[in-house]
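In what follows, a structure is listed as structure tokens, so that the remarks can point back to it.
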2 protein chains.
Amino acid sequence: MPSSIKQFIHDYIDNGIDINDDLPFPTSLKSIAKHTILTDYGHVEQNAYFLLSGIVKISMQRDGEERILEFFFPNSFFSSYTSFLSRLPSDVEIEALTDCEVEIIHYNDMQQAYKTSLLANRLGRMVTEQYYIRKTNREKDFLMKTATERYQELLDIRPELVQQIPVHMIAKYLGIKPESLSRIRKEIS
Amino acid sequence: MPSSIKQFIHDYIDNGIDINDDLPFPTSLKSIAKHTILTDYGHVEQNAYFLLSGIVKISMQRDGEERILEFFFPNSFFSSYTSFLSRLPSDVEIEALTDCEVEIIHYNDMQQAYKTSLLANRLGRMVTEQYYIRKTNREKDFLMKTATERYQELLDIRPELVQQIPVHMIAKYLGIKPESLSRIRKEIS
């Protein structure tokens, strides 16, 4: 399992990279305490994060009600990515659900690397491709599937999420009421 | 307005590219008759298309009922992109809603270019970033907005879509019944 951005690049982007090679951008390490807000509503996202340990949640508010867009587990990149790309204020909030360790790439350093580095562009392209696929699958689910089918699929495809995330948050991720999820869980078991 | 992939790259990716420069991959031109299926269910997507003229629709079926994921207008790339990236059979269908002119990049040529070309990776990254943003906005809409709000947003942000696409297809794109959309349109006007 990758334990740093460099290891991630070696495993998934370019296995020619060596542990002694420089990355095309600087990174920094940071420890984040549980319940810290990494990116707040209305702020322009300055960072792309790589999660070394812990769990992170991305959510929105509507009329005081929370909707969860995504959970992130170790060895993956996360960011308020629409804000990172568009330089518009974030309409989502990123919160550490547990104590976390992260490796950080600053927006300016990433843009600088994108100008000249094949590797940086490959990394950005391939990570974005994976998130595009995930978002498209979620779009298809909302268009095509019942809440029961969407929960069943979560059990099949992302069991670590169902095991590690509290039920009330899973309901917010599926876009349904906690009572509905309770009923679905009884039906299935 | 861009009228070819080269012009698109000049306008949005790298304005250093000259009309006499070679692209990092070969492309071919094709005329497509109205109602042609460009990519069928169950086939692995072999092409990335750039739409020169016409309108294209991407859709899925569920229990014989159609759901529309996206419409494409000239000067944009389209593909059964999840299948193109994953090499899994397409779960969507691409249909020409009108006669179309397209410029085509073959999967193998794109992958070859990705190995060595900074420009190809920049293009792939930046186009995928834009589609990621679009998919994420759609996800937020499904989680947060009523059908009326989603139709209103379509009027505000993509008026060309509302003007050029028949009402029954817009309903399928919003994931609602045509009767519901009729009611919404009466409420708004």
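When DSSP assigns beta bridges and you keep just the ones with both residues in chain B, what percent turn out antiparallel, to the nearest 5? Before the final figure, lay out the partial values.
On the way: 27 of 27 bridges.
Of all bridge pairs located within chain B, approximately 100 percent are antiparallel.
So what's the angle, to the nearest 10 degrees on a 0 to 90 scale, between helix B:107-116 and the longest Cα principal axis of chain B?
Helix B:107-116 and the main axis of chain B meet at about 60 degrees.
Give me the aspartates and glutamates in straight-line cross-link reach of A:Lys186: C-alpha distance below 18 Å, same-chain residues under 8 apart excluded.
Filter leaves A:Glu149, A:Glu153, A:Asp156.
Testing the spin-label approximation: label points 7 Å from Cα along Cα→Cβ at A:Gln46 and B:Asn108. State their distance in nm.
Once both label points are built, they end up 4.9 nm from each other.
Starting from 0.36 nm per residue, how many nanometres of slack lie between B:Asp99 and B:Gln152 once their C-alpha separation is accounted for?
Extending this stretch completely gives an extra 16.2 nm.
Defining the label point at 7 Å along Cα→Cβ, can you sort the distances from A:Ile188 to the same site in each other copy, shortest first, in nm?
The answer, with the shortest distance listed first, is 3.6 nm.
What does the charge dipole of the range B:3-65 about its Cα centre add up to, to the nearest 20 debye, if the Cβ of each Lys and Arg holds +1 and the Cβ of each Asp and Glu holds -1?
Its charge dipole is roughly 320 debye.
How big is the B-A contact in terms of buried accessible area, both chains counted, 1.4 Å probe, rounded to the nearest 100 Å²?
That pair of chains buries around 3700 Å² in total.
Straight-line reach from A:Lys115: which lysines have a Cα under 18 Å away, not including same-chain ones fewer than 8 places off?
B:Lys115
If the reach is capped at under 12 angstrom between alpha carbons, list the aspartates and glutamates near A:Lys6, excluding any in the same chain fewer than eight residues apart.
Within the straight-line limit of under 12 Å, A:Lys6 reaches these aspartates and glutamates: A:Asp14, A:Asp18, A:Asp21, A:Asp22, A:Glu103.
Would you mind checking the radius of gyration and Dmax of the protein assembly as shown based on alpha-carbon positions, in Å?
21.4, 65
Between 0 and 90 degrees, rounded to the nearest ten: what's the tilt of helix A:118-144 against the longest Cα principal axis of chain A?
Taking Cα atoms only, the helix is inclined about 10 degrees.
Quick one: which bits of the range A:130-145 get at least 30 Å² less accessible when the partner protein chains are in, versus the chain alone, with a 1.4 Å probe?
Buried by the other chains: A:Tyr132, A:Ile133, A:Lys135, A:Glu139, A:Lys140, A:Phe142, A:Leu143, A:Met144.
Considering the alpha-carbon set of chain B alone, what are its Rg and its Dmax in angstrom?
Using the Cα atoms of chain B, the pair Rg, Dmax is 17.6, 55 Å.
Could you give the length gained by full extension between A:Lys115 and A:Leu29, i.e. 0.36 nm per residue of separation minus their alpha carbon distance, to one decimal place? Display every interim value, and only then the final one.
Numbers: separation 86, 0.36 × 86 = 30.96 nm, distance 2.41 nm.
Taking 0.36 nm per residue and subtracting the Cα distance, the gain is 28.5 nm.
What does the extension gain come out to for B:Phe73 and B:Gln61, with contour length at 0.36 nm per residue minus their alpha carbon separation? The partial results should precede the final answer.
Numbers: separation 12, 0.36 × 12 = 4.32 nm, distance 2.21 nm.
That pair, B:Phe73 and B:Gln61, stretches by 2.1 nm at full extension.
Taking a threshold of 28 Å on the Cα-Cα distance, which of the pairs A:Lys140/B:Lys34; A:Lys177/B:Lys140; A:Lys30/A:Lys145; A:Lys34/A:Lys145 fall above it?
On the way: A:Lys140/B:Lys34 26 Å; A:Lys177/B:Lys140 17 Å; A:Lys30/A:Lys145 39 Å; A:Lys34/A:Lys145 34 Å.
Cα-Cα > 28 Å for A:Lys30/A:Lys145; A:Lys34/A:Lys145; rest within.
Give me D for the range A:54-121 in µm² s⁻¹, whole number, from Stokes-Einstein with Rh from the Kirkwood sum over alpha-carbon pairs, 10 °C and 1.306 mPa s. Can you show the working numbers first?
Values: Rh = 13.7 Å.
After rounding, the answer is 116 µm²/s.
Expressed as a rounded percentage, what relative contact order does chain A have, with Cα pairs under 8 Å and six or more residues apart? Don't skip to the answer; put the middle values down first.
Numbers: 287 pairs, mean separation 44.6, N = 189.
Rounded, it is 24 percent for chain A.
What's the average, rounded to a whole number, of partner chain beta-carbon atoms within 10 Å of each residue's beta-carbon in B:110-120? Kindly include the intermediate steps, with their values, before the conclusion.
Working: counts 0, 0, 0, 0, 5, 2, 1, 2, 9, 2, 4.
Partner-chain Cβ atoms within 10 Å, mean over residues of B:110-120: 2.
Given a 1.4 Å probe, how much area per residue of chain A is accessible, in Å²?
Numbers: 8860 Å² over 189 residues.
Result: 47 Å² per residue.
What percentage of the solvent-accessible surface of chain A, computed with a 1.4 Å probe over protein heavy atoms, is contributed by carbon and sulfur atoms?
On the way: 4490 of 8860 Å².
Here it works out to 51 percent.
What is the ratio of the Cα radius of gyration of the range B:132-182 to 2.2 N^0.38 Å, with N the residue count, to two decimals?
Details: Rg = 10.6 Å, N = 51, 2.2 N^0.38 = 9.8 Å.
It is 1.08.
In deg cm²/dmol and to the nearest 500, what is the mean residue ellipticity at 222 nm of the protein assembly as shown if only DSSP H runs of at least 4 residues count, each as -39500 (n - 2.57), divided by the residue total?
Working: 16 runs with 166 residues, N = 378.
Here the helix-only value at 222 nm equals -13000 deg cm²/dmol.
The values are calculated or read from the model by the stated rules, or taken from the named source; none is laboratory data. Keep in mind that what you see is a predicted model, and the values were worked out from it rather than measured. So basically every Cβ, Gly included, is an ideal-geometry build from the backbone, and we count neighbours across all protein chains shown. Ligands, DNA and RNA are stripped out before the accessible areas are found, and what is left, the full protein with its side chains, is counted by its heavy atoms. Shrake-Rupley method; radii C 1.70, N 1.55, O 1.52, S 1.80 Å.
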